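Peer 1: Below you'll find the structure I mean.
The values are calculated or read from the model by the stated rules, or taken from the named source; none is laboratory data. Just so it is clear, the model here is predicted, and its values are computed rather than measured. Using ideal geometry, Cβ is built from the backbone for each residue, glycine included, and neighbour counts are taken over all protein chains shown.
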Amino acid sequence: MTQATWQHYIDKEKQTTDDLFIVQDDKIFAGKHLILDLWDCQQLDNLSFIEKTLCDAVEIADATLLHIHLHHFTPNGGVSGVAVLAESHISIHTWPERAYAALDIFMCGHTKPEKAVELLKQRFQPKRIEINTHLRGIIKE
């Protein structure tokens with residue numbers, strides 16, 4: 001990488017680059033990928049509730065919704081789907097018979113995925129939650 005190209009990525013004044021890479025705590029990366037396991041949840045078979053929750057999570061995270069697609073399975077009522085964002089995606093897979101939901105949130109740019117996590121906690125009311133964070137596309141650590 002040339003010095004001019006490298007300087008483009010470490011420009012502290014811009015806080016992020018034109019390609020929506022994130023500059024944070026002396027790191028440069030494409031985005032945050034949050035993997036969530038929610039246990040003992042509510043409303044996991046309610047398609048309209050899940051759609052509204054995902055839309056609200058996108059909004060509170062300051063992301064841009066491009067498309068949402070959800071599928072309601074029978075007979076257990078589980079839901080799988082994705083909210084496609086200009087900044088990446090939020091996906092969900094539910095197992096109502098086990099009161100379990102698996103979600104992932106991947107966002108780049110000026111978004112705030114942690115705010116989406118807080119909203120998901122409020123709405124689904126899990127008794128236990130596990131969150132793993134992975135920084136994608138790290139250029140500089």
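Peer 1: Answer yes or no as to whether ASP56 is over 22 Å from PRO126 (Cβ atoms) and surrounded by 15 or more Cβ atoms within 10 Å (Cβ to Cβ). It would help to see each step written out before you state the result.
Peer 2: Numbers: over 22 Å from PRO126 (Cβ atoms): no; surrounded by 15 or more Cβ atoms within 10 Å (Cβ to Cβ): yes.
So ASP56 fails the test.
Peer 1: Still on this model: Considering ASN76, ASN46, which residue is surrounded by 16 or more Cβ atoms within 10 Å (Cβ to Cβ) and not hydrophobic (A, V, I, L, M, F, W, C)?
Peer 2: After applying the criteria, what remains is ASN46.
Peer 1: Going through the range 88-140 one residue at a time, which ones are within 20 Å of LEU65 (Cβ to Cβ) and assigned to a helix (DSSP H, G or I)?
Peer 2: Once the filter is applied, which keeps residues that are within 20 Å of LEU65 (Cβ to Cβ) and assigned to a helix (DSSP H, G or I), the range 88-140 yields PRO113, GLU114, LYS115, ALA116, VAL117, GLU118, LEU119, LEU120, GLN122, ARG123, PHE124.
Peer 1: Give me the residue from the range 88-117 that is in contact with a Cys (Cβ under 9 Å, 6 or more places away or on another chain) and on the phi > 0 side of the Ramachandran plot and, out of that set, surrounded by the most Cβ atoms within 10 Å (Cβ to Cβ).
Peer 2: SER88
Peer 1: Can you run down the residue pairs with Cβ atoms below 7 Å, 6 or more apart or on separate chains, where the first is in the range 41-59 and free of Cβ contacts under 8 Å to residues at least 60 places away in the same chain and the partner is assigned to a helix (DSSP H, G or I) and of a type outside the set (D, E, K, R)?
Peer 2: The qualifying pairs are ASP45/PRO96.
Peer 1: Follow-up. Looking only at the range 62-74, filter to residues that are in a loop (DSSP other than H, G, I, E, B) and in contact with an Asp or Glu (Cβ under 8 Å, 6 or more places away or on another chain); which one of those is farthest from GLU114 (Cα to Cα)? Working first, answer last.
Peer 2: Narrowing the range 62-74 to residues in a loop (DSSP other than H, G, I, E, B): 62-64, 73-74.
With the extra rule that they be in contact with an Asp or Glu (Cβ under 8 Å, 6 or more places away or on another chain), the set shrinks to 63-64.
On the way: ALA63: 12, THR64: 15 Å.
For the range 62-74, the residue satisfying everything is THR64.
So that you can scan it fast, the table gives a plain yes or no per residue for (1) β-branched (Val, Ile, Thr); (2) surrounded by 11 or more Cβ atoms within 10 Å (Cβ to Cβ); (3) in a strand (DSSP E or B); (4) modelled with pLDDT of 50 or more:
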{"site": "MET1", "(1), (2), (3), (4)": "no, no, no, no"}
{"site": "ALA4", "(1), (2), (3), (4)": "no, no, no, no"}
{"site": "GLN7", "(1), (2), (3), (4)": "no, no, no, yes"}
{"site": "GLU13", "(1), (2), (3), (4)": "no, no, no, no"}
{"site": "LEU20", "(1), (2), (3), (4)": "no, yes, no, yes"}
{"site": "ILE28", "(1), (2), (3), (4)": "yes, yes, yes, yes"}
{"site": "LYS32", "(1), (2), (3), (4)": "no, yes, yes, yes"}
{"site": "LEU36", "(1), (2), (3), (4)": "no, yes, yes, yes"}
{"site": "CYS41", "(1), (2), (3), (4)": "no, yes, no, yes"}
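Peer 1: Quick one: count up the residues across the range 69-90 that are free of Cβ contacts under 8 Å to residues at least 40 places away in the same chain and within 21 Å of HIS110 (Cβ to Cβ).
Peer 2: Count: 6.
Peer 1: Continuing with this model, one more query. All but one of (1) at pLDDT 95 or above; (2) in contact with a helix residue (DSSP H, G or I) (Cβ under 8 Å, 6 or more places away or on another chain) hold for ASP104; state the number of the condition that does not hold.
Peer 2: Checking ASP104 against (1) at pLDDT 95 or above; (2) in contact with a helix residue (DSSP H, G or I) (Cβ under 8 Å, 6 or more places away or on another chain), the one that fails is (2).
Peer 1: Filter the range 74-99 down to the residues that are in contact with a His (Cβ under 9 Å, 6 or more places away or on another chain) and not aliphatic (A, V, I, L, M), then identify the one that is farthest from LEU135 (Cα to Cα).
Peer 2: GLY78
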